[in-house]
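Student: What follows is a structure written as structure tokens; I'll ask about it next.
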Amino acid sequence: MTGVETGNDVKGPWWLAFRVIDEPVEVFRQLAARPRALVPFFLIAIVGVVFAFGTPESVLRGQAERTADMLAERAPERFTEAQRLEMLENAASTVRRATMAGSVIAAQAVSLLVVAGVLLLVFNAYGSEPMRYKDELAIATHAFIPQLLGIVLLVLLARFAGLEEMQLSLGFLFKEGFLHDLGVQFTPFGAWNIVLLGLGNQIRTGAKSLTGPLGIVVTLWILVNLGFAALSSVFGGLAG
């Protein structure tokens, strides 16, 4: 028992997935009583395909050109002109897009499975009422929905507004280096995701205030982003 009352008005899984945007409190109350995570995973698959096949060819070719330039600069003796031309030619191929879709879907699914496990360990260590893995997975997957909205927005901006850089983050504040790599990790949709994670865990654990659960999630988020930025800088420096 979670101590959360939802009454007789049980919402369907699709309602929960879409209304987490504007009615997150009710969504997480419903999930606390009956955890579900299948629909968000289905939406991740859909958005992964939209991202891969909806991104304009010009954007994919631009990314391929930057990658080719980097490879040519770092290993000119091993990266030939023929390889460069092949990379540019296949940048927007159906196979390349399908591979991209699979990579995006797999990365997001695995990251959510890991996030749910880490948060479960942390909140079970500090909470008075133990949770099950499926409880935390339901929270994590539904809290991730804003990130999917962000991906769809990027595709729309790329197709109809000519956006070349497929990201909406604080990375633009810094040209390169550790601060740039750190800024790339911080996006408005990521912040929305974090707030929902805190809210979902507050409701599920019965915490009196959002401050504690949100503080835990924000701290973990910052630590992970610092780690990714540091690794990116280190490997980028070694590659250079």
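The values are calculated or read from the model by the stated rules, or taken from the named source; none is laboratory data. Small disclaimer: the values here were computed from a predicted structure and weren't measured. Cβ placement follows ideal geometry from the backbone for every residue including glycine, while neighbour counts extend to all protein chains displayed.
Student: Scan (1) under 30 Å from Arg29 (Cα atoms); (2) β-branched (Val, Ile, Thr); (3) at pLDDT below 90 for the single condition Val234 breaks and write down its number.
Tutor: If we test Val234 against (1) under 30 Å from Arg29 (Cα atoms); (2) β-branched (Val, Ile, Thr); (3) at pLDDT below 90, just (1) comes out false.
Student: Name the residues in the stretch 3-19 that are over 20 Å from Thr141 (Cα atoms) and at pLDDT 95 or above, would you?
Tutor: none
Results for (1) under 22 Å from Val39 (Cα atoms); (2) surrounded by fewer than 16 Cβ atoms within 10 Å (Cβ to Cβ); (3) in contact with a Pro (Cβ under 6 Å, 6 or more places away or on another chain), shown as yes or no for each residue.
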| position | (1), (2), (3) |
| --- | --- |
| Met87 | no, no, no |
| Arg97 | no, no, no |
| Met100 | yes, no, no |
| Val118 | yes, yes, no |
| Phe123 | no, no, no |
| Tyr126 | no, yes, no |
| Tyr133 | yes, yes, no |
| Thr141 | yes, no, yes |
| Gly150 | yes, no, no |
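Student: Name the one entry in Ile194, Ile145, Ile139, Ile151 that is at pLDDT 90 or above, within 23 Å of Met100 (Cβ to Cβ) and touching a Leu at 6+ places or on another chain (Cβ under 9 Å).
Tutor: Ile145
Student: Scanning for something at pLDDT 85 or above and either under 20 Å from Val110 (Cα atoms) or surrounded by fewer than 20 Cβ atoms within 10 Å (Cβ to Cβ) (or both), does the stretch 169-189 turn up at least one residue?
Tutor: So far as the stretch 169-189 goes, yes, one or more of its residues are at pLDDT 85 or above and either under 20 Å from Val110 (Cα atoms) or surrounded by fewer than 20 Cβ atoms within 10 Å (Cβ to Cβ) (or both).
Student: What residue, of Ala75, Ala140, is of a type outside the set (D, E, K, R) and over 22 Å from Val25 (Cβ atoms)?
Tutor: Ala75
Student: Here's a follow-up. So, in the stretch 61-85, of the ones that are small (Gly, Ala, Ser) and within 21 Å of Arg159 (Cα to Cα), which residue ends up surrounded by the fewest Cβ atoms within 10 Å (Cβ to Cβ)?
Tutor: By that ranking, first place goes to Gly62.
Student: Continuing with the same structure: What number of residues within the stretch 102-116 satisfy the criterion of being among the aliphatic types (A, V, I, L, M) and buried (at least 18 other Cβ atoms within 10 Å of the Cβ)? So that I can check it myself, show each step before the final result.
Tutor: Let us first name the residues in the stretch 102-116 that are among the aliphatic types (A, V, I, L, M), namely 104-107, 109-110, 112-116.
From the residues that got through so far, the ones that are buried (at least 18 other Cβ atoms within 10 Å of the Cβ) too are 104-105, 112, 115-116.
So the count comes out to 5.
Student: Let me ask something else about it. Output the helices (runs of 4 or more DSSP H) that fall wholly within the stretch 1-111 and possess 2 or more residues being in contact (Cβ under 8 Å) with a residue 24 or more places away in the chain, or say none.
Tutor: On the way: elements: 13-19, 24-33, 38-54, 57-74, 81-89.
Once the helices (runs of 4 or more DSSP H) in the stretch 1-111 are filtered for at least 2 residues that are in contact (Cβ under 8 Å) with a residue 24 or more places away in the chain, what remains is 13-19, 24-33, 38-54, 57-74.
Student: Okay, next question. When you scan the stretch 84-119, how many residues do you find that are touching a helix residue (DSSP H, G or I) at 6+ places or on another chain (Cβ under 8 Å), more than 15 Å from Val47 (Cα to Cα) and of a type outside the set (A, V, I, L, M)?
Tutor: The number of residues fulfilling the criteria is 4.
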